[in-house]
Amino acid sequence: MIQAIDIPTSTTYSDAKKAQVFGEEFMPHIDSMYNFAYRLTFDEDEAKDLVQDTYLKAYRFINSFQEGTNSKAWLYRILKNSFINDYRKKSKQPSKVDYQEVEQFYNSEDTLSEATTDLRLEATKDMIGDEITNALNSLAIDFRTVIILCDLEGFTYEEMAKILDIPIGTVRSRLHRARNLLREKLSSYAHSMGYN
Amino acid sequence: MSDYPDCRCKDFEKCLRILNLILDNEASHDEESFFYDHIEKCMICFGHYNLECQIRQLLKTKVIKEPVPSTLFSEIKSKIVG
């Protein structure tokens, strides 16, 4: 549940309680937050700034966080919004979802047939971290993001929908498309390793 | 050569949709039952199931993790306190 990011609630924490919530609920996620930020920006300094901004915002708005709800999803949503509002603007990248106009296409059942691939199971067994990481990193940001949230961080579709501000159906279709693209990338690596 | 050169499973699209839901822990009980019954009889979907499991496993275990800068934690702390 990520109720705290659904409905703005106000809990007035004392300074001591704020420090406790911040230290016990927010800071343990710094590792995955930094990795998410790095995979969005591909720049160590920007990732560091993005995480720092996220934590400062989280502290500033801590009264809208309800203890016991999903702090990780709450922080991820702040980080994602900071990235879209601040960092994408700075780097003059589009601030809106890149693939909105073709999202309807992804929702189409027709795309399911794309899933057939010539990637073989044996080929994937020989793959190393670099190849997997490069394949993931080469995906367009919206596709990369859903794979990270789902497969690396284990968020549910509902949590992802709330973090990304998109309907669950869009999460599902975007994931489907992202996985097809990832499989294609891995397939290319497999060919380069001599699997034909 | 592909493992699935010519998909002849008549339920392939449905299976693939359910496969993703199963691996994401989002499938209903009925969908799970349908799929697991189906892959006992369909090698195409069984192969695809194994491949998808393997890709998920690779993502979970082999994607390189970036080390968090050693100063980040203390910098955040100092800005909050200070």
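Where a number appears in this text, it was derived from the coordinates with a stated rule and is not lab data. In this text, all values refer to a predicted model and were calculated from it rather than measured experimentally. Note that each Cβ is placed from the backbone with ideal geometry, even for glycine, and that neighbours are counted across all protein chains shown.
Peptides B:19-28, B:72-81 ranked from most to least packed by the mean count of surrounding Cβ atoms within 10 Å: B:19-28, B:72-81.
Per-residue Cβ neighbour counts within 10 Å put A:His191, B:His29, A:His176 in the sequence B:His29, A:His191, A:His176, beginning with the fewest. For the residue pairs A:Lys162/B:Lys79; A:Lys17/B:Lys60; A:Lys80/B:Lys14; A:Lys80/B:Lys79, alpha carbon separations beyond 24 Å are given by A:Lys162/B:Lys79; A:Lys17/B:Lys60; A:Lys80/B:Lys14. Remark: mean inter-chain Cβ contacts per residue of A:36-49 equal 2, using a 10 Å Cβ-Cβ cutoff to other protein chain atoms. Remark: mean inter-chain Cβ contacts per residue of B:70-81 equal 5, using a 10 Å Cβ-Cβ cutoff to other protein chain atoms. Counting Cβ atoms of other protein chains within 10 Å of each Cβ in A:151-163 and taking the mean gives 2.
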